[in-house]
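Okay, so here's the structure we're looking at.
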Amino acid sequence: METTATPTLSPAALAERRIGWLTLALGLAASVGVALLYTPSAGLGVLVGALLAWVNARWLKDSLDALTRLSTAQAGAAKPRVSKWLYVKLFGRYALMGLVIYAMVQYFDVPVVSLLGGLLALGAATMAEFFYEALTRPK
């Protein structure tokens, strides 16, 4: 049986990965709490907001990584080529968030405050990662 070596990720890549799953985990936990304390539609709003925050961060990271690769690969080129899909991911995330928030408020009667609260899951995950790094870093 042939074994394949897994690439070693940098500390920054590991932190990005933790922030991603922490965003989803904290958003899910907060949505359950809000659904139990307030209303199920408010809990749904927190969950959808956290999912939007995760997608937003993912698309931004992917877009910036692609731009970095393109700028390195096409250094010195007179007219660098950039994929249209890159622009869609870079700017379309705002349109996606706006459309989803609009649809949830208008058609599903989800409180806009709960959606905005769910968007804060990314910030909470980033703070949790900061504390994790501060507590586990070798002295």
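Values as computed for the structure displayed
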| item | result |
| --- | --- |
| Test: residue in segment 104-123 that is closer than 20 Å to residue 16 by Cα, part of a loop (DSSP other than H, G, I, E, B), within 14 Å of the chain's Cα centre (by Cα) and of a type outside the set (D, E, K, R) | yes |
| Count - residues of segment 39-73 that are without any contact (Cβ under 8 Å) to a residue 40 or more places away in the chain and of a type in the set (Phe, Trp, Tyr) | 1 |
| Some residue of segment 84-106 being polar (S, T, N, Q) and surrounded by 12 or more Cβ atoms within 10 Å (Cβ to Cβ) | no |
| Qualifying residues in segment 63-78 (those that are of a type outside the set (A, V, I, L, M), surrounded by fewer than 14 Cβ atoms within 10 Å (Cβ to Cβ) and on the phi < 0 side of the Ramachandran plot) - the one farthest from the chain's Cα centre (by Cα) | 74 |
| Cβ-Cβ under 9 Å pairs, at least 6 apart or on other chains, segment 74-88 side over 20 Å from residue 60 (Cβ atoms), far side of a type in the set (Lys, Arg) and loosely packed, with under 10 Cβ neighbours inside 10 Å | 74/81 |
| Hits in segment 98-128 - residues which are within 25 Å of residue 15 (Cα to Cα) and out of contact with any Gly (no Cβ under 9 Å at 6 or more places or on another chain) | 123, 126, 127, 128 |
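Residue-by-condition table, conditions (1) part of a helix (DSSP H, G or I); (2) over 17 Å from residue 92 (Cβ atoms):
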site: 8; (1), (2): no, yes
site: 13; (1), (2): yes, yes
site: 23; (1), (2): yes, yes
site: 28; (1), (2): yes, yes
site: 35; (1), (2): yes, yes
site: 42; (1), (2): yes, yes
site: 55; (1), (2): yes, no
site: 68; (1), (2): yes, yes
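Every number here is computed from the coordinates shown, using simple stated rules; none is lab data. Keep in mind the model is a prediction, meaning the values are calculated, not measured. Here the Cβ is made from the backbone with ideal geometry for all residues, glycine too, and neighbour counts use every protein chain on show.
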